[in-house]
1. Would you mind ranking K218, K137 so that the residue whose beta carbon has the fewest other beta carbons within 10 Å leads the list?
2. Return the distance in nm (one decimal) between the two label points of a simple spin-label model at V90 and D131, each offset 7 Å from Cα along Cα→Cβ.
3. Report the label-to-label distance for R124 and S176 in nanometres (one decimal), using points 7 Å from each Cα along the Cα→Cβ vector.
4. I need I101, I251 ordered by Cβ neighbour count within 10 Å, fewest first.
Amino acid sequence: MADTARGTGSEQSSGLDQLRGAFKGFLGAQMENLADKAGDKLGDITSGLTSVAENGGVLPSVKDNVFGKIKDTFGGGGGGKGRGSGTTKVMNIIEVLDVGIPIRDAYDHWTQYEKFSSFTKGVRSASKGKDADSDWKVKVGPSTRGWKATTQEQIPDERIVWTSEGAKGTTRGCVSFHELTPTLTRIVLVVEYYPSGFFEKTGNIWRAQGRRLRLDFKHFQRYVTLTDKEPEGWRGEIRDGEVVRTHEEAIEEEEAAGEEEDVEDDTGEEDTEDEYPEEEEEEQDEGENQ
């Protein structure tokens, strides 16, 4: 009986050893398989790293995922640049300021684009081009953006309507001037900004452009209120993006109108003086006839 028990125990021990051996073999095969797969993945990653520089420092798969989510968030990405895209984020800016100067002076100061860089923080440079065009370089956050603006409508002492195109966005805007008193003018500024590109749209979320415009608007208010310089604004007129009256023509018309008013005033005074001698002559004639 004892021999039988020892034999049975030996057989069980041998079976366990075989089971352990088989399990170790299975684990070894699985480890080799995992190692092979890890090697393949490492090879793919190594290969991908060689193209990092060509993809802006981002692995292709990561880059695709990031920009895919960005397109979903901002409504389509690259195609929606301007006003024609219904999915592009739009920033609306409406500001109202009163300045303690006559309406003509406020308007003339606004048309002196070249001087904006001297009293604002955002405008780096501005220059009036041919006809209704002007070129702008504006600081937005840490970057400087270039804009080409086209004046669609400009009526002296009333309003200026414009559109602008840039690599990072487009705008539509209107500034209007309203006389409150002879020495107090209200300026209403309305702008629609259509950002283009990831960083511009991110800036749109943080309202960087809006803050910059509002601050520069206040700088304009401060400058025109305190300056003692007489503005020499552009007095021409623009309709539908075309100049219909030049600055020189407008000045000539204003001077001619001023001269006519002077003549009318002088004529009115002379007529008033002539009435009295005629009455005196009639009275003398009546006395002689009697």
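1. With the sparsest Cβ surroundings first, the list reads K218, K137.
2. It works out to 2.7 nm between the two label points.
3. Label-label distance for R124 and S176, simple model: 3.4 nm.
4. So the residues, fewest neighbours to most, are I251, I101.
Any read-out appearing in this document is the output of simple, stated calculations on the displayed coordinates, not a laboratory observation. In this text the structure is predicted, and so the values were computed from the model without any measurement. Neighbour counts are summed over all protein chains in view; Cβ atoms, including those assigned to glycine, are modelled from backbone coordinates with ideal geometry.
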